[in-house]
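Input: a single structure, listed below in structure tokens.
Every read-out reported here was derived from the displayed coordinates using simple, explicitly stated rules and does not represent laboratory data. Computed from a predicted structure; not experimentally measured. Positions of Cβ are backbone-derived with ideal geometry, glycine not excepted, and every protein chain shown enters the neighbour counts.
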Amino acid sequence: MKLPRQFFKPLAIGAPAPYRELPVQLERMIHFVPPHLEKMRAKVPDIAKQVDVVLGNLEDAIPSDAKEAARRGFIEMAKATDFGATGLWTRINCLNSPWVLDDIVEIVGEIGAKLDVIMLPKVEGAWDVHYLDQLLAQLEAKHAIGKPILIHAILETAEGVKNVEEIASASPRMHGMSLGPADLAASRAMKTTRVGGGHPDYKVLADADGDKPRAGYQQDLWHYTVGKMVDACAANGIKPFYGPFGDFSDLAACESQFRNAFLQGCVGAWSLHPTQIDIAKRVFSPDPGEVAFALKILEAMPDGAGAVMIDGKMQDDATWKQAKVIVDLARIVAA
Ligand code: GLV
Ligand code: MG
């Protein structure tokens with residue numbers, strides 16, 4: 001049975017054939033909380049008012065001897081907090097770990113009705129999604145959970161990138177995907193110790209210009225994978241996200257990495273530190289100047305067809321659809 005895609009809606013009636021479905025629910029930042037730490041759990045009711053999604057992290061960054069405490073802490077925090085319209089997610093341990101079965105069985109059994117999405121790390125192929133899909137179906141039936149729990153895959157191995165399209169279409173439960181640049185770098189044997197972002201040595205030199213020094217231009221290390229992920233997600237009506245940015249001291253670099261991902265089609269990113277919440281909010285909401293220009297396009301072409309000039313720039317059916325993406329997102333942000 002095909003489950004409803006509750007996070008997406010088609011473009012407006014009367015518009016030309018939908019180019020791409022748009023997210024109804026804002027998920028500009030997935031805010032990571034380490035639930036084994038009581039002091040962090042205590043902040044959750046307040047954090048939940050500021051973010052689009054709260055995620056209890058059980059996987060990497062949680063020490064092995066704190067895995068059970070993190071799971072129990074997440075269940076406790078989920079029971080104790082009213083999340084309102086804010087999404088509640090968890091990142092479980094990976095499928096070949098000793099903790100994952102208890103993560104899934106205990107969490108779905110105790111707070112499954114409150115849980116929106118399970119983030120599944122290190123997904124390598126459709127088979128990983130199928131396993132979780134079946135397990136969730138059994139547990140939802142056992143505990144009479146009426147609403148399907150969705151699956152969000154982290155794209156963080158070379159094998160996963162190779163199979164990204166089949167992962168995106170593996171189940172109607174697929175909510176979306178995040179780039180996991182740290183694990184992906186290790187899996188590909190990239191020579192970096194960073195969590196996302198650029199690298200000072202990843203650049204090509206501009207052509208020599210007489211005696212003047214040549215300028216180096218830094219490139220986005222993640223451009224190829226983000227583009228590949230966005231295409232796989234868009235083709236299957238699910239959401240692409242940039243993942244973590246590990247250097248909390250460099251807010252400008254975080255903003256520029258998030259912005260590249262937004263421009264390429266991502267709808268959000270992870271916030272691992274409170275300072276990244278506002279960055280994600282700003283970046284993944286459309287720029288007011290862009291919205292004003294996009295509105296001009298929609299107004300100048302009420303039936304979405306033909307060609308007009310606005311401020312010296314040619315507009316046609318395709319730019320009408322681009323404008324609609326921006327205006328629809330602005331409306332969801334404003335709602
Ligand atoms: C996230 O999990 C990453 O590996 O970057
Ligand atoms: Mg990872």
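Cross-link pairs exceeding 32 Å in C-alpha to C-alpha distance, out of Lys39/Lys142; Lys79/Lys122; Lys67/Lys142; Lys191/Lys324; Lys43/Lys147, comprise Lys39/Lys142; Lys191/Lys324.
For the chain, the share of DSSP beta bridges that are antiparallel, to the nearest 5, is 25%.
Would you kindly calculate the translational diffusion coefficient of segment 186-335, applying Stokes-Einstein with the Kirkwood radius from alpha carbon pairs, for 10 °C and a viscosity of 1.306 mPa s, and quote it in µm² s⁻¹ without decimals?
Result for D is 89 µm²/s.
Relative to the longest principal axis of the Cα atoms of the chain, the long axis of helix 317-334 lies at roughly 50 degrees.
What residue among Asp183, Asp82, Asp65 shows peak mean-square fluctuation when the chain is described by a Gaussian network model with Cα springs under 10 Å? Residue with maximal mean-square fluctuation among Asp183, Asp82, Asp65: Asp65.
For segment 76-157, the relative contact order works out to 33 percent when only alpha carbon pairs closer than 8 Å and six or more residues apart are counted. Full extension of the segment from Leu135 to Lys212, taken as 0.36 nm per residue of separation minus the current Cα-Cα distance, would add 21.4 nm.
Take every Cα pair under 8 Å whose residues are at least 6 apart in sequence, average their separation, divide by the length of the chain, and the relative contact order is 15 percent. Each residue of segment 264-270 was assigned a 3J(HN,Hα) from its phi angle through the Karplus curve 6.51 cos²θ - 1.76 cosθ + 1.60 (θ = phi - 60°); the sequence is 7, x, 5, 9, x, 8, 7 Hz, with glycine and proline shown as x.
State the antiparallel share, in %, of DSSP beta bridges confined to segment 97-225, rounding to the nearest 5. Walk me through the numbers before you get to the answer.
Numbers: 4 of 13 bridges.
Expressed as a percentage, antiparallel bridges in segment 97-225 total about 30.
Each part gets one Cα centre, and for segment 232-274 versus segment 280-296 those centres are 16 Å apart.
Once C-alpha pairs closer than 8 Å and six or more residues apart are averaged by separation and normalised to the residue number of segment 15-161, the relative contact order reads 19 percent. Its alpha carbons considered, segment 221-304 gives a radius of gyration followed by a Dmax of 14.8, 48 Å. Remark: the His223-Gln50 segment gains 59.4 nm on full extension, using 0.36 nm per residue and subtracting the alpha carbon distance.
Compared with the dominant principal axis of the Cα atoms in the chain, helix 288-300 is inclined by about 60°. Diagonalising the gyration tensor over the Cα atoms of the chain and scaling each eigenvalue by 5 before taking the square root yields semi-axes of 34, 26, 19 Å, largest first. Reported to the nearest whole Å, the Cα centre-to-centre distance from segment 185-213 to segment 63-117 is 38. Given a 10 angstrom Cα cut-off, can you work out which residue in Gly243, Gly146, Gly265 is the most mobile in a GNM of the chain? Of Gly243, Gly146, Gly265, the Gaussian network model singles out Gly146 as fluctuating most.
As a proxy for reagent exposure, ranking Lys147, Lys313 by other Cβ atoms within 10 Å from fewest up yields Lys313, Lys147.
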